[in-house]
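A.B. asks: Before we start, here is the structure in question, set down as structure tokens.
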Amino acid sequence: KSRQLLFWHGERNLAGQAVIAPGTTDAMVHLQPAATVSGRLLDKNGAPIRDVPIVSYTHGGNKASEVEHDFLNVPSSLDIRTDDQGKFQIPSLVPGLKYAFGIEDEPGRFPTLIIKSIALEPGETRDMGDIEPLSGPHAAP
């Protein structure tokens with residue numbers, strides 16, 4: 001079964017992917033300018049949701065390959081959280097992959113979805129503006 005591998009070059013803000021088929025002995029990875037998504041997370045009353053970790057995940061294919069994947073991550077060296085005003089910035093995203101983002105607001109539970117599906121172009125920075133969780137305890141009724 002083919003595997004999808006993700007690559008990052010932090011110093012140059014580059015990211016890419018390669019789909020490696022069984023028996024492959026060498027592969028070329030094309031790194032592109034990484035993408036960024038930002039926004040401000042608010043609860044159903046319009047108050048900032050402060051200091052919560054944001055994680056990336058998804059299930060399904062992506063624009064660049066037919067390989068299915070269950071979880072996508074940003075580099076583990078990044079600690080992505082909302083600030084005191086609920087603002088967040090998620091850098092180092094691989095262009096073309098479909099990401100979903102959630103907040104880990106309840107330990108031991110699956111993340112609460114905040115962005116359902118987003119795919120970005122190389123070097124793109126997209127501000128999602130003010131958003132509310134799509135499910136979970138902070139979601140709008």
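The values are calculated or read from the model by the stated rules, or taken from the named source; none is laboratory data. Small disclaimer: the values here were computed from a predicted structure and weren't measured. Counting neighbours? That spans all protein chains shown, and the Cβs are built from the backbone with ideal geometry, glycine included. In case anyone asks, the SASA skips ligands and DNA or RNA and just uses the protein heavy atoms, side chains included. Shrake-Rupley method; radii C 1.70, N 1.55, O 1.52, S 1.80 Å.
A.B. asks: Residue under question is Ser38, and the condition is that it be at pLDDT 95 or above and either under 13 Å from the mean Cα position of the chain (by Cα) or part of a loop (DSSP other than H, G, I, E, B) (or both); does it hold? Reasoning before the result, please.
C.D. replies: Numbers: at pLDDT 95 or above: yes; either under 13 Å from the mean Cα position of the chain (by Cα) or part of a loop (DSSP other than H, G, I, E, B) (or both): yes.
Taking the combined requirement at face value, the residue satisfies it.
A.B. asks: Count, please, the residues in the range 25-50 that happen to be open to solvent by 60 Å² or more (accessible area, probe 1.4 Å) and over 23 Å from Asp83 (Cβ atoms). It would help to see each step written out before you state the result.
C.D. replies: Applying the first criterion (open to solvent by 60 Å² or more (accessible area, probe 1.4 Å)) to the range 25-50 yields 25-28, 30-31, 33, 40, 44-45, 50.
Imposing the further condition that a residue be over 23 Å from Asp83 (Cβ atoms) reduces the set to 25-28, 30-31, 33.
Number satisfying all stated conditions: 7.
A.B. asks: Additional query: Within the range 2-24, count every residue that is within 18 Å of the chain's Cα centre (by Cα), more than 29 Å from Thr82 (Cβ to Cβ) and open to solvent by 40 Å² or more (accessible area, probe 1.4 Å).
C.D. replies: Narrowing the range 2-24 to residues within 18 Å of the chain's Cα centre (by Cα): 4-10, 13-18.
Imposing the further condition that a residue be more than 29 Å from Thr82 (Cβ to Cβ) reduces the set to 5, 18.
Of the ones still in play, those that are also open to solvent by 40 Å² or more (accessible area, probe 1.4 Å) are 5.
Residues meeting the conditions: 1.
A.B. asks: Consider Asp26 against the criteria (1) modelled with pLDDT under 90; (2) assigned to a strand (DSSP E or B): it satisfies all of them except one. Which criterion is unmet?
C.D. replies: (2)
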